[in-house]
Amino acid sequence: MFDLPTEDPEAALRFTRALAGMLAERETGNPGPKPEVSVVVPVLDELANLPQLHERLVAALDSEDFEVVYVDDGSRDGSCEYLRDLAAAQPNVTLVELARNFGHQIAISAGLDYARGRGVVIMDADLQDPPEVLPQFIEKWRQGHDVVYAVRKRRKEPWLKRSAYAAFYRLLQRVANFEIPLDSGDFCLMDRKVVDILNGMPERNRFVRGIRSWVGLGQVGLAYEREGRFAGETKYTFSRLVYLALDGLVSFSYIPLRAITLIGFFVSAVSFLLAIGYAVQRIAFGLNPAGFATIVVAVFFLAGIQLITM
Ligand code: UDP
Ligand code: MG
């Protein structure tokens, strides 16, 4: 990038300054003074919600020094253009544009990377998480809790979906290696030290509410009424919810791995029994086609070994 100046002292000075400037920029990432509170909002096709969301956010955080980090997760309905204008017009609005739709959890992770506040809120763009409860979050945080997470009192959602959620959270709590609070989603406020820990973790496919609890520190729940969606449709199709649930279970429990190991032992045991069985049959009757027993026993034995070592 630079020609290393060796003779000319002026050039050497310029070089050092340029390098220092580059490093300084790298360190802050997002230059300018750091706000007290950042709000990270993942957005996929939420144009009908954004104006009201932003207005209510600004009103709720009126007395705070805050920034809003919108993460556009590949919207196609003009949300991104709307947010670009908003970010250009308002200095405390940042827009992170993802190159395509990566999914809710990845959008949140990207937003956490850009947020600079001493406290960072995660909330949805569809107004299911009402901005009006944020002052309560902030109050709890100032009392010294590192994570303030929202706990849904009631969901205004169809019954089948509600029961599926309830079953999932109870299952997750039973099988997880540590405590994950029931009925809490991503809506939360985290202290900078928690955000730094999350940002430093190598996971790509994150179940954010899970690692948030895994971190530990001082966590407190805050009950709130979860609203119905203000406008538009849910972006979580049934299959995406199933994958999210699987991510949660597989990432936070040893049970699936242990089950696989047990199946491995079982299959290996079957291979030994088969070997004995075929040997006896061979001696007693000599009926088998040549090689058949060897193949079957080898297949079972290797499958067992593979499952165990997984
Ligand atoms: N979202 C996103 N990327 C996706 C799916 C959803 O950024 O691939 C956003 C969406 O715009 C909303 C939030 O994530 O702000 C939660 O999505 P949604 O309301 O559809 O989920 P639900 O509340 O039905 O679980
Ligand atoms: Mg929603």
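Things worth noting here:
- Divide the volume of the convex hull around the Cα atoms of the chain by the residue count and you get 233 Å³ per residue.
- Extended-chain gain in nm, criterion 0.36 nm per residue less alpha-carbon gap, VAL220 and ILE305: 26.1 nm
- Among the lysines of the chain, pairs at least eight places apart or on separate chains and with Cα atoms under 25 Å apart come to 8.
- Between the beta carbons of ALA99 and ALA298, assuming R0 = 51 Å, the FRET efficiency works out to 0.60 to the nearest 0.05.
- Where labels lie 7 Å past Cα in the beta-carbon direction, separation of PHE230 and ASP62 in nm: 1.7
- The percentage of C-alpha pairs in region 124-194 whose separation is greater than 19 Å is 45%.
- Over the chain, dividing the summed -39,500 (n - 2.57) contributions of all DSSP H runs of at least 4 residues by the number of residues returns a 222 nm mean residue ellipticity of -16500 deg cm²/dmol.
- Fraction of alpha-carbon pairs over 17 Å apart in region 146-260 - percent: 60
- Sites PHE265 and GLU132 - FRET efficiency at Förster radius 41 Å, r taken between beta-carbons, to 0.05: 0.15
- Computed from label points 7 Å out along Cα-Cβ, the spacing between PHE272 and GLU81 is 6.9 nm.
- Max-minus-min Cα coordinates of region 255-310 on each principal axis give 44, 15, 10 Å, with the largest extent listed first.
- If the segment from ASN92 to LEU257 were pulled out straight at 0.36 nm per residue, it would be longer than the present Cα-Cα gap by 54.9 nm.
- Semi-axis lengths, Å, region 192-265, gyration tensor of Cα atoms, sqrt of 5 times eigenvalues: 27, 21, 13
- Electrostatic dipole magnitude of the chain [Cβ: Lys, Arg +1; Asp, Glu -1; Cα centre; debye, to 20]: 1840
- Taking each residue as 0.36 nm, the span from ALA290 to ASP247 lengthens on full extension beyond its C-alpha to C-alpha distance by 10.9 nm.
- Ligands, DNA and RNA are left out, and with a 1.4 angstrom probe the accessible area of the chain is 57 Å² per residue.
The values are calculated or read from the model by the stated rules, or taken from the named source; none is laboratory data. What you see is a predicted model, and the numbers here were worked out from it, not measured in a lab. No Cβ is skipped: glycine too gets one built from the backbone with ideal geometry, and neighbour counts run over all protein chains shown. The accessibility values were calculated without ligands, DNA or RNA, using every heavy atom of the protein model including side chains. Shrake-Rupley method; radii C 1.70, N 1.55, O 1.52, S 1.80 Å.
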